[in-house]
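Please read the structure below before turning to the comments.
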């Protein structure tokens, strides 16, 4: 992807999931699915917080729904029971335990249910990541010091108990070669693609990130099949250092990229959202700080195992 296109992507506040139609991948390339049916719309629904490790999520049709019940859990905002679209899942594993977090789509700061002035001013981006016991909320204004609350804050479930509505694909097709990935992106057989990236630290911490591939570059130029994923945001886990590693407070927002350096990619690179100093075009000596996705020096390329599947 050329630099101008990348900059345009990073400036957007949310990326929509690509919706594909078309033919199917040959039967010999299909992987076992939790459920197989002739009608892909009849995908299985699971309301457990965690799925079996073999099960993938249909990200176009899975949500976090909030339900207030004052008998079980108090809520800071009991008059609102919102639904959020799930954009990625991050699981952190250590010493036999597993914590699962769901990163949801971004929206804007709003006043809920008034007659007018639905959007707040000054405004800011609002993005939640839900864990089983609390929620990590990102609030990002246009400037680093805008009065938009803390950029990153862990709160109790402010809308009551969240329920993960996880729809499983009716069919899953393994894409374990570059040619299969290329074929899956052609108009004749286009299907949504889901990636899984596994990270390992040296002292036993592991993380598995699952996410829909929203942008897939692919080519067969010269008879050589190549692809490169560039997608996000995802909930990026810190499993390497710090007292909060593996906990919800250690998650950050990132875009992730990798390509077929081998049939199964062996690395990922990320750009994380962070405060960036920017010079004003009318006066380069004046600078402001904004939130933007950028590489963190010395901490943007990681050894990883990533697999791809197409889903129906």
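What FRET efficiency comes out for the pair residue 54/residue 94, r = Cβ-Cβ distance, R0 = 25 Å, nearest 0.05? My answer for the efficiency is 0.75.
Percent of C-alpha pairs per 5 Å bin in the stretch 202-302, short distances first: 2, 10, 16, 20, 16, 13, 10, 7, 4, 1, 0. Computing Rg and the Kirkwood Rh from the Cα coordinates of the stretch 101-185 gives a ratio, Rg/Rh, of 1.15. Put simply, when 208-214, 219-225, 302-308 are sorted by average Cβ atoms within 10 angstrom per residue, most first, you get 208-214, 302-308, 219-225. The listed peptides 108-118, 291-301, 250-260, 266-276, ordered by packing as a protection proxy, come out as 250-260, 266-276, 291-301, 108-118 (highest mean of other Cβ atoms within 10 Å first). Here r is the Cβ-Cβ distance between residue 81 and residue 274 and R0 is 30 Å; the resulting FRET efficiency, rounded to 0.05, is 0.40.
Read-outs: derived from the displayed coordinates by stated rules, not from any lab. These numbers come from a predicted model, not from an experiment. As a convention, Cβ positions derive from the backbone with ideal geometry for all residues, glycine included, and neighbour counts pool all protein chains shown.
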